[in-house]
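First the structure, in the form of structure tokens, and then the observations on it.
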């Protein structure tokens, strides 16, 4: 028996070592700490596992002088977090060895920020509404019933609304009689551009007069406008626009929906006829962050692996605040008082705004990495989340995000970079604050943007040597992959360098994107905005075109089809330049390639297209366009019309195709 136990232990260690070796970790024997959801131990042994907090303390006692990789092995089950798991420099590997947080063999542990809701009773038998007590502190924007997202109480406005100063006038006083008028949220699909879905809460209802919350309302209806941009800046809510949908109102409860009465600390839910919520697992996300990897420029977190973990049940309360959700683009928002000091407009507005240009509020992540080096996020699942699934930025370098699934997420799948960091040298951080040499590869991203429909599958802001490759992105409400957002909106061919950034040497290759623009429009399967590379000059001041293209952004080998809305599949938008499109395939879209006032310096060569290309209808003809050797496909291509080598190579590579099976 002792020999059998020893053999099993050795086999587990060897298997772990082989797994680590494949992931780029140092091979050899490893030290394993054991954790379980109900662990009570302090030494984290196999027979006396510890909880996550104790495991982290144990890691910090051991990781300063590692002689091998250190593994924290999580047993199956749900780890209910009462605060985010925070990883710092003190949790990092050492001596070239890694600290690995991973699932036990055949386990899929869940790091959960949810509160399980129980003790349901019938609250309104006639309507089939049930109720349950909740902690007084609970605030959430999501609810899940047996692992499925349940919509918040919502519906079309039952009483007609017309615009009035500061809000709306209702046809009668119905809204004033509702349980909590100040919790009502008005939603405006396409209201501030067909690529947006802004939302704002009610401040008060007096009779028929509805006043909206500030500053959200002004940020929807009276936005800053740099004069030089005219109609190409981000539009106001149209003068006569009214909400298409009202959310978070008890009176709108329908089957399958829920409502949280904050004052009464009570959650209401209307199951299907005959349903009893006491027989279901009902989870209310409570935390806004599940894991926060927080390094500094001097002490980045480093040499950490997160493998085969599931991150679930987190919310985001920002849209419920007075700032609401005044969307600009890609879930980036106006926040604060724009009249006093417009956000992210520098000296392009009167009064002048904060800098740098385009530094508006970006969506947070339920899992976040800052100043992270050599971190691997591999084979994890990001689901049932209320913000972006994963955000990485501020000096994050040499990280590998590979083989993960992102699904059932309210906002973005994942983002790299920051709106307020186009030039790290401006804050004297230099290359230390660049997002550099990061890889996003072989991830399956689908059904994201379930609540904030302007979301991208992948959003890149400012970075260098980024590789985005072999991802599959499908069934998304807006764009697949965006590089740049709102930071390029004052540059075009006649004034190309008012706003610059450090983007360089980025590659978007071999991705498979389909069934996009399922809700909103005017974007792309792959969309570029702002400088995608710097203009490099010769000694005499002339442009070195070859070097500028070499260090610009390259988009190659991607396959995109099946657009549900409209836009350009391969989109060069405002202020974009130094872009090479090559060996891409597009069909089944409204338009193949073009954009709205890019600067230019665009190569579009050796691509396969079925829909119109080279369309730039907004005026301001782009500079230096190179279109040639592109092959036009039939409008409805047959298999024999398509380049099989490009199709076979696009999307998930063989080792990861099971993710989308």
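Per the listing 294, 283, 251, the residue uniquely surrounded by 22 or more Cβ atoms within 10 Å (Cβ to Cβ) and either touching a residue at least 12 places away in the same chain (Cβ under 8 Å) or under 30 Å from residue 367 (Cβ atoms) (or both) is 283.
When residue 97 is tested against the conditions (1) in a strand (DSSP E or B); (2) closer than 21 Å to residue 293 by Cα, the lone failure is (1). Just one of the listed residues (321, 312) is modelled with pLDDT of 95 or more and surrounded by fewer than 19 Cβ atoms within 10 Å (Cβ to Cβ), namely 321.
Looking only at residues in the stretch 169-205 that are in contact with a helix residue (DSSP H, G or I) (Cβ under 9 Å, 6 or more places away or on another chain), in a strand (DSSP E or B) and in contact (Cβ under 8 Å) with a residue 40 or more places away in the chain, the one that is farthest from residue 320 (Cα to Cα) is 170. The set of residues in the stretch 206-226 that are surrounded by fewer than 19 Cβ atoms within 10 Å (Cβ to Cβ) and free of Cβ contacts under 8 Å to residues at least 40 places away in the same chain comprises 206, 207, 208. Looking at residue 524, is it within 17 Å of the chain's Cα centre (by Cα), buried (at least 24 other Cβ atoms within 10 Å of the Cβ), over 21 Å from residue 191 (Cα atoms) and modelled with pLDDT of 95 or more? No: the conditions fail for residue 524.
So which residues in the stretch 368-388 are within 18 Å of residue 451 (Cα to Cα) and buried (at least 23 other Cβ atoms within 10 Å of the Cβ)? Passing the criteria: 382, 384, 385, 386, 387, 388. Could you grab me the full set of residues in the stretch 325-365 that are on the phi < 0 side of the Ramachandran plot, part of a loop (DSSP other than H, G, I, E, B) and in contact with a strand residue (DSSP E or B) (Cβ under 8 Å, 6 or more places away or on another chain)? Within the stretch 325-365, 335, 343, 360, 362, 363, 364 qualify.
Considering 15, 53, 23, the condition of being modelled with pLDDT under 50, out of contact with any helix residue (DSSP H, G or I) (no Cβ under 7 Å at 6 or more places or on another chain) and within 23 Å of residue 90 (Cα to Cα) is satisfied by 23 alone. When the stretch 164-184 is limited to residues that are within 14 Å of residue 242 (Cβ to Cβ) and crowded, with 16+ Cβ neighbours inside 10 Å, the one that is farthest from the chain's Cα centre (by Cα) turns out to be 170.
Taken over the stretch 124-145, the residue count meeting the criterion of being part of a loop (DSSP other than H, G, I, E, B) and touching a helix residue (DSSP H, G or I) at 6+ places or on another chain (Cβ under 7 Å) is 1. Selection of the stretch 405-420 for residues being touching a residue at least 60 places away in the same chain (Cβ under 8 Å) and under 22 Å from residue 374 (Cα atoms) yields 405, 413. Out of curiosity, is residue 565 more than 15 Å from residue 596 (Cα to Cα), out of contact with any helix residue (DSSP H, G or I) (no Cβ under 6 Å at 6 or more places or on another chain), free of Cβ contacts under 8 Å to residues at least 24 places away in the same chain and in a loop (DSSP other than H, G, I, E, B)? In short, no. A count restricted to the stretch 146-163 and to residues that are touching a helix residue (DSSP H, G or I) at 6+ places or on another chain (Cβ under 6 Å) and either in a loop (DSSP other than H, G, I, E, B) or surrounded by 18 or more Cβ atoms within 10 Å (Cβ to Cβ) (or both) stands at 2.
Kindly indicate whether any position in the stretch 414-433 is touching a helix residue (DSSP H, G or I) at 6+ places or on another chain (Cβ under 9 Å), crowded, with 24+ Cβ neighbours inside 10 Å and within 30 Å of residue 655 (Cβ to Cβ). No, the conditions are met nowhere in the stretch 414-433.
Screening 67, 102, 73 for residues that are part of a loop (DSSP other than H, G, I, E, B) and either at pLDDT 95 or above or more than 28 Å from residue 267 (Cβ to Cβ) (or both) leaves exactly one candidate, 67. Taken over the stretch 112-137, the criterion of being closer than 30 Å to residue 380 by Cβ and surrounded by fewer than 18 Cβ atoms within 10 Å (Cβ to Cβ) is satisfied by 116, 118, 135, 137.
Determine whether the stretch 535-554 contains at least one residue that is at pLDDT 95 or above and under 19 Å from residue 441 (Cα atoms). The answer is yes; a qualifying residue exists. Taking every residue in the stretch 35-63 that is on the phi > 0 side of the Ramachandran plot and pairing it with any residue that is part of a helix (DSSP H, G or I) and surrounded by fewer than 21 Cβ atoms within 10 Å (Cβ to Cβ), at least 6 positions away or on another chain, the pairs with Cβ-Cβ distances below 9 Å are 44/54; 44/58.
One line per residue, one yes/no per condition, for (1) at pLDDT below 95; (2) assigned to a loop (DSSP other than H, G, I, E, B); (3) within 17 Å of the chain's Cα centre (by Cα):
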position: 367; (1), (2), (3): no, no, yes
position: 390; (1), (2), (3): no, no, yes
position: 401; (1), (2), (3): no, no, yes
position: 418; (1), (2), (3): no, yes, yes
position: 425; (1), (2), (3): yes, no, no
position: 431; (1), (2), (3): yes, no, no
position: 445; (1), (2), (3): no, no, yes
position: 451; (1), (2), (3): no, yes, yes
position: 454; (1), (2), (3): no, yes, yes
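Regarding residue 626, is this residue modelled with pLDDT of 95 or more and exposed (fewer than 13 other Cβ atoms within 10 Å of the Cβ)? It is false that residue 626 is modelled with pLDDT of 95 or more and exposed (fewer than 13 other Cβ atoms within 10 Å of the Cβ).
The values are calculated or read from the model by the stated rules, or taken from the named source; none is laboratory data. Given the structure is predicted, the values throughout are model-derived calculations rather than measurements. Cβ coordinates were reconstructed from backbone atoms using ideal geometry, including for glycine residues, and neighbour counts include every protein chain displayed.
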